[in-house]
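Inspection log for the structure reproduced underneath, given as structure tokens.
Throughout, read-outs are computed from the coordinates displayed, never taken from laboratory work. What you see is a predicted model; the values in this text were computed from it and never measured. Please note: Cβ atoms are built from the backbone with ideal geometry, for glycine as well, and neighbour counts cover all protein chains shown.
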Amino acid sequence: MNNVNAYITSSCVIRNNTVIKNGQSILEAPGTVLPEFLRSLYDRFSGQYPKFHKMDLLSKLGWAAVEILLQNMPLEGYAPEDTGVVLANTSSSLDTDERYYETVSEIASPALFVYTLPNIVIGEISIRHRLKGENAFFIAEGFDIPFITGYVQQLLDTGAVQACICGWLEQYHDQYEAALYLVEKQERGMAKPLSAAEIQKLY
Amino acid sequence: MEDLKEQIIRQLNLQEVKPEDIGNDQPLFKEGLGLDSIDALELIVLLQQYHNVRIANPEDGPNIFYSIRTMAEYITAQQNKTA
């Protein structure tokens, strides 16, 4: 395998009602509950995209984090097949699974049912940014940075992708955390060499 | 029909749409409100939940859900049948 250079070109961490882009805090909204906080991210960082309002909280969180991640870092230079998405979390889609289960006793909600898989958020991100590359959603006890780093490095090494959105996307009830990274072979943006240590620093 | 518009906005979570934005004869799908297949299922749920109306023949769906007016006419016709 040819080990190619790869760079972390952008990062976005969202936790405790705070948004950190490339290591710098760019938004703090203390005292807002998660749905309101996510709506505020949509209002501030996105253009009109009515589908956002139909998404579950996990998808809204991931979708908004990618909007921020890709600000000033367009992916138009890549073929759709050349950008992958690799995410992980610990609660899968359990929050929405529970909400859906509550509807089953009366009339099961189709709108909730479609979000009862964790990888649906990858679909929402892919539709928004027209991505068709490799994707995966792993369920793990915690954010295993060496594993995700190694997985993405291998996708790049084998030529499966030229760029990859990757990281941690957790949400259950009002607990949440997003830590997403844009990794590319191309040296641009903040251009930190891809390594578990660099991701850990930005996390 | 105004009540029906509000029910649709609530059921489909159309947060950026107001009742007055929806024309009575405007197509609900594709070029109109841009609803999709999941929305169609939610509209079926809406008919059951709010109006106790079921669609006996699924092939009638496209005609029933063409617009606010066709939905309202179907609801009225079904309720008159059972009255």
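Extension gain for B:Ala56-B:Asn80 works out to 7.1 nm (0.36 nm per residue, less the C-alpha to C-alpha distance). Between the alpha-carbon centres of the range B:53-83 and the range A:56-74 there is a gap of 39 Å.
With 26 Å as the limit, the listed pairs B:Lys18/B:Lys81; A:Lys60/A:Lys132; A:Lys21/B:Lys30; A:Lys132/B:Lys18; A:Lys54/A:Lys185 have B:Lys18/B:Lys81; A:Lys21/B:Lys30; A:Lys132/B:Lys18; A:Lys54/A:Lys185 beyond it between alpha carbons. Ordering A:Lys132, A:Lys21 from the fewest to the most neighbouring beta carbons within 10 Å gives A:Lys132, A:Lys21. Counted by neighbouring Cβ atoms within 10 Å, the residues A:His129, A:His173 run from fewest to most as A:His173, A:His129.
If you wrap the tightest convex hull around every Cα atom of chain B and split its volume per residue, you get 86 Å³. Taking Cβ atoms as reference points and 13 Å as the exclusive limit, the residues near A:Ala6 contribute a net charge of -1, counting Lys and Arg as +1 and Asp and Glu as -1.
For the pair A:Asn72 and A:Ala160 in one chain, pulling the backbone fully straight at 0.36 nm per residue adds 29.2 nm over the alpha carbon distance. Computed over all pairs of different Cα atoms, the Kirkwood value for the hydrodynamic radius of chain A is 17.1 Å. In this rough spin-label picture, where each label sits 7 Å from Cα along the Cβ direction, the A:Thr90-A:Tyr49 distance is 2.7 nm. Modelled spin labels at A:Glu98 and A:Ile26, positioned 7 Å past Cα toward Cβ, are 3.2 nm from each other. Note on B:Phe29, A:Phe147: ascending count of other Cβ atoms within 10 Å places them as A:Phe147, B:Phe29, the fewest first.
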